[in-house]
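Notes follow the structure.
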Amino acid sequence: MIYLDNNATTRPQEAVAAAMTGYLREHWGNPSSAHALGRRPEGALVRAREQVAALLGCAPAELVFTSGGTEAITQVFRGVYETFPAKRHFIATAVEHSAVLAQLEWLRSQGAQVSLIGVDGAGRLDLGALQAALRPDTALVSVMTANNETGVRMPIEAVAPLVKAAGALLHTDAVQAAGKLSLDIKSLGADLLTLSAHKFHGPKGAGALFIRRGLRLKPLILGGHQERGRRGGTENVPAIVGMGVAAELAQDHLADMPRVLALRDHLEAALAARLPDLRVNGQGSERVPNTSLLSFPGLEGEAILLKLDAAGICVSTGSACTTGQREPSHVLRAMQVPADFARGTIRVSLSRETTAEEIEAVIEQLPRIIAELRTLGPMGR
Ligand code: PLP
């Protein structure tokens, strides 16, 4: 099995699973308990918060643990909406993940105004349009750090001063950047940042929200005093412990990214040499090192995916969240990728575990599969 769908989820590292097991089997106490059984889990939360804080270069107290990226993003939008009732304008890019797009829909349903900022054909943000959209009543600007389909890196460092000058807050969805890029919150300049552990070899069901010191948002989940009153409910200690270990390893393993980048670039160059009409979406833009969004005109991405799957190679047709929908993804539409190319798109996403042999196997299998599907003609769709 060759796993090249790491933007959907990553394999938890051995050290992550081992650390979590201890908090399921032995140290299963409630971290809020005053007795002996609560002390170890309480300490584990402190440690995990320090580990995740080190990944971002923030203070541990600036982090709130959540059940994942989607919850953290929901907290950002609902929290800002409820905390700043005088500001009813929101800005986001047209290529955000569905977790953000769903919040924009909700905002519209509440009567708030939303401005969507487009990207060019290579997936690059239109900074001028973003600047022009800022208004005195803009509450929040949401720009993802890296796109989950194309891997294109957004210019957060350039967006931050514009947003600050307009008196708005900046959120960046860094779910697809963690573990692939160094994420220093001070250089990014965002007020809010969201993470998901399962995208960087941690467990599912754990995420984190960075809230800049001094900013207080109304909580999404009301209940106990946990997370300093910012998120009620007994903490998912094993998952949070796993996230902490994964964050520490992610920082160490950034050193593997040049190798991953070389493998990704080799894959794209070798496929382009064999398939002249191949389109590499986002090529020419700064991208995270692991992601390759490939379009083969005249074919269906789903058909390519199924053939690769039969050959033991796991990829996706774009965002895992849009699998099953036959519409071309909103990201490719925003990039104005011709429909014929957009339909024939697959996403190959590597990780630090990907080997040169695995990439060679794809270089061998994929052109054969494309040729085979093409001989079937349009009926093969
Ligand atoms: N944001 C981006 C860019 C993502 O790729 C994903 C997951 O696919 C999410 C948010 C949602 O994260 P989670 O799966 O932890 O809810």
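The values are calculated or read from the model by the stated rules, or taken from the named source; none is laboratory data. In this text the structure is predicted, and so the values were computed from the model without any measurement. Please note: Cβ atoms are built from the backbone with ideal geometry, for glycine as well, and neighbour counts cover all protein chains shown. These area figures cover heavy atoms from the full protein model, side chains too; ligands, DNA and RNA do not enter into them. Shrake-Rupley method; radii C 1.70, N 1.55, O 1.52, S 1.80 Å.
Does the range 71-79 include one or more residues that are crowded, with 21+ Cβ neighbours inside 10 Å, aromatic (Phe, Trp, Tyr) and more than 12 Å from the ligand (Cβ to nearest atom)?
yes
Check the range 195-208 and report whether any residue there is at pLDDT 95 or above, more than 16 Å from the ligand (Cβ to nearest atom) and at negative phi.
Checked against the condition, which is being at pLDDT 95 or above, more than 16 Å from the ligand (Cβ to nearest atom) and at negative phi, the range 195-208 yields no hits at all.
Does the range 168-188 contain any residue that is among the β-branched types (Val, Ile, Thr) and in contact with a Phe, Trp or Tyr (Cβ under 8 Å, 6 or more places away or on another chain)?
Yes, the range 168-188 contains at least one residue that is among the β-branched types (Val, Ile, Thr) and in contact with a Phe, Trp or Tyr (Cβ under 8 Å, 6 or more places away or on another chain).
Of 308, 332, which residue is crowded, with 22+ Cβ neighbours inside 10 Å, at pLDDT 95 or above and outside any loop (DSSP other than H, G, I, E, B)?
So the residue among 308, 332 that is crowded, with 22+ Cβ neighbours inside 10 Å, at pLDDT 95 or above and outside any loop (DSSP other than H, G, I, E, B) is 332.
Just to be sure, is residue 33 assigned to a loop (DSSP other than H, G, I, E, B) and hydroxyl-bearing (Ser, Thr, Tyr)?
Yes; evaluated as a whole, the condition is true for this residue.
Working only within the range 170-190, note down all residues that are of a type in the set (Asp, Glu) and surrounded by 24 or more Cβ atoms within 10 Å (Cβ to Cβ). Break it down stepwise before answering.
Initial filter on the range 170-190 (of a type in the set (Asp, Glu)): 173, 184.
Selection gives 173 alone.
Scan the range 211-222 and give yes if some residue there is within 16 Å of the ligand (Cβ to nearest atom), farther than 29 Å from residue 262 by Cα and of a type in the set (Lys, Arg), otherwise no.
no
Out of 284, 380, report the one residue that is touching a Lys or Arg at 6+ places or on another chain (Cβ under 8 Å), more than 26 Å from residue 201 (Cβ to Cβ), open to solvent by 10 Å² or more (accessible area, probe 1.4 Å) and modelled with pLDDT under 95.
It is 380.
Whether any residue in the range 23-46 is within 26 Å of residue 187 (Cα to Cα) and out of contact with any Leu (no Cβ under 9 Å at 6 or more places or on another chain) is what I want to check.
Looking through the range 23-46, at least one residue is within 26 Å of residue 187 (Cα to Cα) and out of contact with any Leu (no Cβ under 9 Å at 6 or more places or on another chain).
Out of the residues in the range 95-127 that are within 16 Å of the ligand (Cβ to nearest atom) and not hydrophobic (A, V, I, L, M, F, W, C), which is nearest to residue 153 (Cα to Cα)?
123
Select from the range 98-126 the residues that are open to solvent by 40 Å² or more (accessible area, probe 1.4 Å) and under 18 Å from the mean Cα position of the chain (by Cα) and list them in ascending order.
98, 101, 102, 124
Test of understanding: among 25, 47, which residue is open to solvent by 40 Å² or more (accessible area, probe 1.4 Å) and either within 19 Å of the chain's Cα centre (by Cα) or free of Cβ contacts under 8 Å to residues at least 12 places away in the same chain (or both)?
When all the criteria are applied, what remains is 25.
If residue 17 satisfies every condition in (1) open to solvent by 40 Å² or more (accessible area, probe 1.4 Å); (2) assigned to a loop (DSSP other than H, G, I, E, B) but one, which is the exception?
Checking residue 17 against (1) open to solvent by 40 Å² or more (accessible area, probe 1.4 Å); (2) assigned to a loop (DSSP other than H, G, I, E, B), the one that fails is (2).
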